[in-house]
Amino acid sequence: MRLSLASAATLVVLFASFQNASAENPQLVPAYPLYCAGPLTTSAPTSTPAYTETTTPFQWASVGAGAANPAPGQCVWADRGPRGIEIQSGGGNVICDYSSAMQSVPAGAFVEVGVARDPGVNDCMHLFRYLGTVSPPFSAVPALPPFTRPSIASLTPAQIAALRAGIQVMMNRPTTVTTSYNFQASMHGSELPQTTPAEMTSWDQCQHNSFYFFSWHRMYLYFFDRILRAAAASAGHQNVVLPYWNWQDPAQYALPAPFWQPADSSNPLYIAPPNRPAALDAGTAFLDAATVDSSAAFADVSFETGGFSGNGFGGQEDSAPAQFGTAYGDFEMQPHDMVHSALGGLMGVVDTSAFDPIFYLHHAQIDRLWNRWIQKGGGRADPTDAAWLNTTFTFYDEAGNAVYLTGAEIVDTVGQLNYRYDDDPVAQLGQIIIIAEGAAREPTKLEAEPATVRIRLTEAARLALRGRERRVFLRINDIRTEKPPSYYYAIYLDPPADQKLGPQTPGFVGNFSLFSMVPHRMPGGKPMAMGNIVADYDISRLVGQILDRNADEVQVVLVPRGLVDRNGEQLPLPPETAGTMGNMQLIER
Ligand code: C2O
């Protein structure tokens, strides 16, 4: 295959306007990054205009193989999602590259490549970003056993020593090493000169002033934590975890003592003035309630800001990441930014902040409070926007290989990343925890017809289901019956659509009769007191099914049942209306 000169000449423009490529240049179709397994060979660069291309067409891994590793010589879409418009069946399996960045990939190695499909040039994949070697499997698989992030205030001297050891090992590595402290800090923001391709593509990535703020910093912290543990382990300290600094606790308004005692180079957590205010390093300067207040942000119910700051907890719903987006979320400004500004020194400037080790404890606190906001309920939920869920951000794992995560892979710290905070709420005995609720404002009619009630499953609900410590029940609230009908209901959770329903159906919850729920006469002829009549069904055994389905709602289906004929077929039911039921809930009790 040879590329036409015309397409080469327009390519510079296409790169510059890549985000709008499909609109402005219908011949170039944006594509997800490719994830390819070697061997892939590229031709020698030609001159004017210089380009290379893969000489052997790569094969697409089988459809849907985004979740799997490509075989030698194969590529998959790195988003692991369904194939979209960017794929062209039959073509598009040569990478054509005008930057000469693409290199041959030996067998056994994997690369990630940003591309756009060019139907004008035999559907070749125009390279616009060569990320280089990445490591399978994708990092989304939790690589750590379940762990708890503790408060710095609760660490033992041995744990502090282990934390210091890990940071010191990272600080001893040269900046060019992706697992070094300087490289990692620079991924957030940096003033250091860039000397390697990895530095050029990976530094200055922090996401601010948009709804990627929370998700990017969670991913960043997650890999920093992994690198830190491996570093500490290499120095003989096992089980190091990154703690959080709860600066909302008035007893912790000062910089945690391990960060300034001892105040010398034996302590890698110590940063000398003027990179930290001297009073902070002396324990005589404090944050205060006004600085750390998060009440305004916590009052927000929306994550997204909808165009302007001041409207949402999490930030503007920008369709593509930019280091500094268009509108910040309320929480990012207050308390996140306030704490940065009040601390000053390195922490007071984006490009230097991650060079002060307290940064990572500050952000663990931010991460913890993100969970807290979701747990507050009342409709608070993470974005469901496709860009937020599917945009990939690249990091490095403890082996120094490029890996990435998407927003959808990090919303549930317990279920997806294997960690919780030491004070994430756990159930109190005897107390009922409402995990999820139906959205119905009106009562649902109880008739001789099947009824479906949808219970919304937020990430917080999923978190609570995974972290459950007691039994989980389906609760039907506020059952009101005027007249018990000649039928009862079979209840199913998410029943298969194509199957005759019965007690053997996966998702069968139990039967529900209104027989005893009619206001009947109490002893002495008094009318029954009408309270909130509820029915609870233990669905603990179905929680796995609910989580596996990974849907954003649970469908509760009520099917009326009564007498059957000789063959077990349902006889027609009397068209009686029995009454109404109120909201349904999933509860832990
Ligand atoms: Cu990216 Cu606290 O900053």
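Quick grid of which residues meet (1) surrounded by fewer than 21 Cβ atoms within 10 Å (Cβ to Cβ); (2) farther than 19 Å from V292 by Cα; (3) modelled with pLDDT of 85 or more:
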{"site": "Q334", "(1), (2), (3)": "yes, no, yes"}
{"site": "G348", "(1), (2), (3)": "yes, no, yes"}
{"site": "I358", "(1), (2), (3)": "no, no, yes"}
{"site": "H363", "(1), (2), (3)": "no, no, yes"}
{"site": "W370", "(1), (2), (3)": "no, no, yes"}
{"site": "W373", "(1), (2), (3)": "no, no, yes"}
{"site": "A399", "(1), (2), (3)": "yes, yes, no"}
{"site": "A402", "(1), (2), (3)": "no, yes, no"}
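In the stretch 219-246, of all residues being crowded, with 22+ Cβ neighbours inside 10 Å and of a type in the set (G, A, S), the one that is farthest from the ligand (Cβ to nearest atom) corresponds to A232.
The criterion of at least 1 residues that are more than 11 Å from the ligand (Cβ to nearest atom) and under 21 Å from D424 (Cα atoms) is met, among helices (runs of 4 or more DSSP H) falling completely within the stretch 310-383, by 358-375.
All told, L255 falls short of being closer than 29 Å to D382 by Cβ and in contact (Cβ under 8 Å) with a residue 60 or more places away in the chain.
Got at least one residue in the stretch 185-196 being more than 12 Å from the ligand (Cβ to nearest atom), part of a helix (DSSP H, G or I) and in contact with a Leu (Cβ under 9 Å, 6 or more places away or on another chain)? Yes, the conditions are met somewhere in the stretch 185-196. Figure legend. Inter-residue proximity from the stretch 203-215: first residues more than 11 Å from the ligand (Cβ to nearest atom), second residues of a type outside the set (F, W, Y) and assigned to a helix (DSSP H, G or I), beta-carbon distance below 6 Å, spacing 6+ or different chains. Indicated pairs: W203/S186; W203/M187; S215/G407. Put simply, of V111, V76, V141, V115 the only residue that is at pLDDT 80 or above, under 32 Å from the mean Cα position of the chain (by Cα) and either under 30 Å from N239 (Cβ atoms) or outside any loop (DSSP other than H, G, I, E, B) (or both) is V111. Could you pull out the residue among S319, S309, S295 that is without any contact (Cβ under 8 Å) to a residue 12 or more places away in the chain, surrounded by fewer than 21 Cβ atoms within 10 Å (Cβ to Cβ) and among the hydroxyl-bearing types (S, T, Y)? Every option except S295 fails the conditions. Inside the stretch 150-175, residues that are touching a residue at least 24 places away in the same chain (Cβ under 8 Å) and loosely packed, with under 14 Cβ neighbours inside 10 Å make up a count of 1. Kindly indicate whether L389 is more than 12 Å from the ligand (Cβ to nearest atom), among the hydrophobic types (A, V, I, L, M, F, W, C), in contact with a helix residue (DSSP H, G or I) (Cβ under 7 Å, 6 or more places away or on another chain) and assigned to a helix (DSSP H, G or I). Considered against the rule, which asks whether it is more than 12 Å from the ligand (Cβ to nearest atom), among the hydrophobic types (A, V, I, L, M, F, W, C), in contact with a helix residue (DSSP H, G or I) (Cβ under 7 Å, 6 or more places away or on another chain) and assigned to a helix (DSSP H, G or I), L389 comes out as yes. The set of residues in the stretch 119-129 that are in contact with a helix residue (DSSP H, G or I) (Cβ under 8 Å, 6 or more places away or on another chain) and modelled with pLDDT of 75 or more contains only H126.
Each row is one residue, and each column tells you yes or no for (1) surrounded by fewer than 21 Cβ atoms within 10 Å (Cβ to Cβ); (2) within 27 Å of F308 (Cα to Cα); (3) modelled with pLDDT of 95 or more.
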{"position": "T179", "(1), (2), (3)": "no, no, yes"}
{"position": "S186", "(1), (2), (3)": "no, no, yes"}
{"position": "G189", "(1), (2), (3)": "yes, yes, yes"}
{"position": "T201", "(1), (2), (3)": "yes, no, no"}
{"position": "H217", "(1), (2), (3)": "no, yes, yes"}
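Just so you know, in the stretch 478-500 the residues that are surrounded by 17 or more Cβ atoms within 10 Å (Cβ to Cβ) and out of contact with any helix residue (DSSP H, G or I) (no Cβ under 9 Å at 6 or more places or on another chain) include one that is farthest from G544 (Cα to Cα), and it is P485. Going by the structure shown, is S265 in a loop (DSSP other than H, G, I, E, B), within 16 Å of the ligand (Cβ to nearest atom) and either surrounded by fewer than 22 Cβ atoms within 10 Å (Cβ to Cβ) or not aliphatic (A, V, I, L, M) (or both)? Answer is no for this residue. Select from the stretch 563-589 the residues that are at pLDDT 90 or above and assigned to a loop (DSSP other than H, G, I, E, B) and write down the one among them that is surrounded by the fewest Cβ atoms within 10 Å (Cβ to Cβ). Among those that are at pLDDT 90 or above and assigned to a loop (DSSP other than H, G, I, E, B), it is R566. Go through the residues of the stretch 153-175 one by one and say whether even a single one is touching a strand residue (DSSP E or B) at 6+ places or on another chain (Cβ under 9 Å), modelled with pLDDT of 95 or more and more than 16 Å from the ligand (Cβ to nearest atom). Scanning the stretch 153-175, I find no residue that is touching a strand residue (DSSP E or B) at 6+ places or on another chain (Cβ under 9 Å), modelled with pLDDT of 95 or more and more than 16 Å from the ligand (Cβ to nearest atom), so the answer is no.
The values are calculated or read from the model by the stated rules, or taken from the named source; none is laboratory data. What you see is a predicted model, and the numbers here were worked out from it, not measured in a lab. Here the Cβ is made from the backbone with ideal geometry for all residues, glycine too, and neighbour counts use every protein chain on show.
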